[in-house]
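What follows is one structure encoded as structure tokens, with my remarks underneath.
The values are calculated or read from the model by the stated rules, or taken from the named source; none is laboratory data. Source: prediction; values computed, not measured. We place every Cβ from the backbone using ideal geometry, glycine too, and count neighbours over all the protein chains shown.
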Amino acid sequence: MFYTSQPDELRAFIRDKLQFLFTDVGEGWLIFDLPDAEMGCHPADERQGKTAGTLDISFFCDDIDKTVAELKSHGVEFVDAISDAGYGLVTHFRMPRVSLLCSLMSRSMLFLASE
């Protein structure tokens, strides 16, 4: 759930630029169908800008170069280059009226837990 002072602008960004499928439940309320989701709980590390109580939203993709090019063609603003974070290829983009940068991460680079 994103709380914003400009919900119509944020909904349009998610609908038009990220191209998520949605259900219109009336009066401008769009409920988005999200791709697969996972949740991790990580220790806070002030040196890396990860303070307790904060969160990151990450979207996975199979081909990060292709996905970045496609999103850029829809007007998505990326704030850094694709880099190898050790656990996968990552870049970040801005969402309007949200004080959070969202990550785009290559699914093919994710590590698997050992048995």
Counted residues, region 1-35 - those being free of Cβ contacts under 8 Å to residues at least 40 places away in the same chain, in contact with a helix residue (DSSP H, G or I) (Cβ under 7 Å, 6 or more places away or on another chain) and at negative phi: 4
For region 51-78, name all the residues that are out of contact with any Cys (no Cβ under 6 Å at 6 or more places or on another chain), closer than 19 Å to residue 2 by Cα, surrounded by 11 or more Cβ atoms within 10 Å (Cβ to Cβ) and among the hydrophobic types (A, V, I, L, M, F, W, C). 59, 60, 76
Here the residues within region 62-76 that are at pLDDT below 90 and either within 16 Å of residue 15 (Cα to Cα) or in contact with a Lys or Arg (Cβ under 6 Å, 6 or more places away or on another chain) (or both) are 62
What number of residues within region 79-115 satisfy the criterion of being at pLDDT below 80 and within 19 Å of residue 6 (Cβ to Cβ)? 6
Just wondering, is there one or more residues in region 20-29 that are surrounded by 10 or more Cβ atoms within 10 Å (Cβ to Cβ) and at pLDDT below 85? no
Which ones in region 47-93 are over 12 Å from the mean Cα position of the chain (by Cα) and either part of a strand (DSSP E or B) or touching a residue at least 40 places away in the same chain (Cβ under 8 Å) (or both)? 50, 62, 63, 64, 74, 75, 83, 84, 89
Just for region 1-36: of the residues that are assigned to a loop (DSSP other than H, G, I, E, B) and of a type in the set (Gly, Ala, Ser), which one is nearest to the chain's Cα centre (by Cα)? 5
